[in-house]
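Below is one structure; the comments refer to it alone.
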Amino acid sequence: MHVLIVLTYGVSFRDWKETGLLEREMKLYERLSKDKDVHFTFLSFGNSEDINIVKNFNVIPLYDLIERKKSKFRNFINSFIIPFKVKKLIEQPDIIKTNQLMGSWVAIILSFIFLKPLIVRTGYDAYSFSKYENKSTLKIFAYFLLTQISIIFSNIYLVTSKTDETFLKNKFFKTKNTVSILPNWVDESYRYDKKEINKRIKNKILSVGRLEAQKNYSFLINSFKGLDIEIDIVGLGSEKEKLTKLSSSNNVKVNFLGRYSNTELLNIYKKYSIFVSTSLYEGNSKSILEAMASGCVVVAKYNSNNKEIIRNNKNGFLFRNEHELKEIIQQLIYDNEMILDISQNAINFIKQNNSLSYISNEEYKYYEKVYKP
């Protein structure tokens, strides 16, 4: 079986490498290649450097074939021409797949060229996010239109949560037999170890995410006012200066740890007992899943997507306001048995629902569903 993967519009393997995502993002394809004998070809929006970055798979860097323009508009127009430029370089695929809504039009055109089934997978609902972020009416409409077009022309349109599935089926048409769920996967290598959990940091909490408004770090800092607990944040972003001033004025110790590769981050999770997410909105949050898989007790802001992952007081905690967050943190600090129980439940949940082995098998089932030898 030969699957053609179209990377997100404008994204290259060099980008993945520089942001520390490369090793993680390739694990799924390495597993499917090894266990299911699936042959992958990748179309990236990079140059020949991408071929040297990913050596175990066939890579076609699009900007090695067509000039990258300074104008974003011209690059966008060229993206409709790209499929016709590369078709002779691609061995006949059996399936075409893209992992984000952005760039799905490239995959749609290739699907028509090769007359092969198309799978579109989205990690989050871009249309909903555009409304949450108060994008312009034009951008919101563009995301709506692109979502609808992608649903119409895909054989399978995968989302990561029941919340997203329900939303799409209520808002868009031609969804009944097209839209399905495939959650995010995480590394499941960590094994529950009571002694190791007991040795973890308890006077600090960990949070991971971009320093942007969506992550709601101002709420986190305000909530910790008066608590003798430090906040460690992994991530970069435009709000660092603002958050530094806020932490100083509230007398809350916040350590901005910067960015780490995913491999490094997985080791960082294992140093902490408690992980907090204050994001205003999320999809199937990878950071929450990774924290749970690493044995952290996750305390997350209530929303419908987080509710699908966290069973309150069983494998984690959900809060709605500053008072609830502070109350949960204070309870956890003085109740080690609760930390141990929640940690074990979280690890078990991830193994059953989000492990790489489980999700790779589920992904392959979707391949089989559309594959026509």
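The values are calculated or read from the model by the stated rules, or taken from the named source; none is laboratory data. In this text, all values refer to a predicted model and were calculated from it rather than measured experimentally. Note that we place each Cβ from the backbone using ideal geometry, even for glycine, and neighbour counts take in every protein chain shown.
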> Picking from Leu227, Leu289, which residue would you name as being in contact (Cβ under 8 Å) with a residue 12 or more places away in the chain, of a type in the set (A, V, I, L, M, F, W, C) and surrounded by fewer than 18 Cβ atoms within 10 Å (Cβ to Cβ)?
Replying inline: Leu227
>> Which condition from (1) touching a helix residue (DSSP H, G or I) at 6+ places or on another chain (Cβ under 6 Å); (2) closer than 21 Å to Gln214 by Cβ is the one that Thr160 breaks?
In response: (1)
>> Can you list residue pairs whose Cβ atoms sit under 6 Å apart, with the first residue in the range 179-191 being over 16 Å from Ile119 (Cβ atoms) and in contact (Cβ under 8 Å) with a residue 12 or more places away in the chain and the second being among the polar types (S, T, N, Q) and not in a loop (DSSP other than H, G, I, E, B)? Count only pairs 6 or more apart in sequence or on different chains.
In response: Glu188/Ser355
> Before we move on, is Gly103 without any contact (Cβ under 8 Å) to a residue 60 or more places away in the chain and in contact with a Leu (Cβ under 9 Å, 6 or more places away or on another chain)?
Replying inline: no
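Quick one: in the range 196-224, which of the residues that are basic (Lys, Arg) and in contact with a helix residue (DSSP H, G or I) (Cβ under 9 Å, 6 or more places away or on another chain) is surrounded by the fewest Cβ atoms within 10 Å (Cβ to Cβ)? Even if it seems obvious, please write down each step before you answer.
So in the range 196-224, the residues basic (Lys, Arg) come out as 199-200, 202, 204, 210, 215.
Now narrow it down to the ones that are in contact with a helix residue (DSSP H, G or I) (Cβ under 9 Å, 6 or more places away or on another chain): 200, 202.
Numbers: Arg200: 18, Lys202: 16.
In this case the residue turns out to be Lys202.
Could you pull out the residue among Lys314, Lys270, Lys326 that is more than 16 Å from Asn184 (Cα to Cα), charged (D, E, K, R), touching a Leu at 6+ places or on another chain (Cβ under 8 Å) and in contact (Cβ under 8 Å) with a residue 24 or more places away in the chain? So that I can check it myself, show each step before the final result.
Numbers: Lys314 fails: touching a Leu at 6+ places or on another chain (Cβ under 8 Å); Lys270 fails: touching a Leu at 6+ places or on another chain (Cβ under 8 Å).
Result: Lys326 is the single residue among Lys314, Lys270, Lys326 that is more than 16 Å from Asn184 (Cα to Cα), charged (D, E, K, R), touching a Leu at 6+ places or on another chain (Cβ under 8 Å) and in contact (Cβ under 8 Å) with a residue 24 or more places away in the chain.
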> Which of the residues spanning the range 134-145 are farther than 19 Å from Val159 by Cβ and either basic (Lys, Arg) or touching a residue at least 40 places away in the same chain (Cβ under 8 Å) (or both)?
Replying inline: Lys135, Lys139
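Here are Arg200, Arg259, Arg210: which of them is touching a Cys at 6+ places or on another chain (Cβ under 9 Å), assigned by TED's automatic domain parsing to the domain that holds Glu282 and not small (Gly, Ala, Ser)? First the steps, then the outcome.
Details: Arg259 fails: touching a Cys at 6+ places or on another chain (Cβ under 9 Å); Arg210 fails: touching a Cys at 6+ places or on another chain (Cβ under 9 Å).
Exactly one residue qualifies, and that residue is Arg200.
Please go through the range 214-224 and give me each residue that is within 24 Å of the chain's Cα centre (by Cα) and free of Cβ contacts under 8 Å to residues at least 40 places away in the same chain, ordered by number. Write out each step before concluding.
So in the range 214-224, the residues within 24 Å of the chain's Cα centre (by Cα) come out as 214-220.
Scanning the range 214-224 gives a single hit, Ser218.
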>> From the list Ser248, Ser261, Ser294, exactly one residue is over 21 Å from Arg24 (Cα atoms) and either among the hydroxyl-bearing types (Ser, Thr, Tyr) or in contact with a helix residue (DSSP H, G or I) (Cβ under 7 Å, 6 or more places away or on another chain) (or both). Which is it?
In response: Ser248
> If a residue has to be surrounded by 17 or more Cβ atoms within 10 Å (Cβ to Cβ) and either of a type in the set (Phe, Trp, Tyr) or assigned to a loop (DSSP other than H, G, I, E, B) (or both) to count, how many in the range 176-195 make the cut?
Replying inline: 8
> Across the range 107-156, what is the number of residues that are part of a helix (DSSP H, G or I) and either within 20 Å of the chain's Cα centre (by Cα) or not basic (Lys, Arg) (or both)?
Replying inline: 31
> Any residue at all in the range 106-115 that is surrounded by fewer than 19 Cβ atoms within 10 Å (Cβ to Cβ), in contact (Cβ under 8 Å) with a residue 24 or more places away in the chain and among the aliphatic types (A, V, I, L, M)?
Replying inline: yes
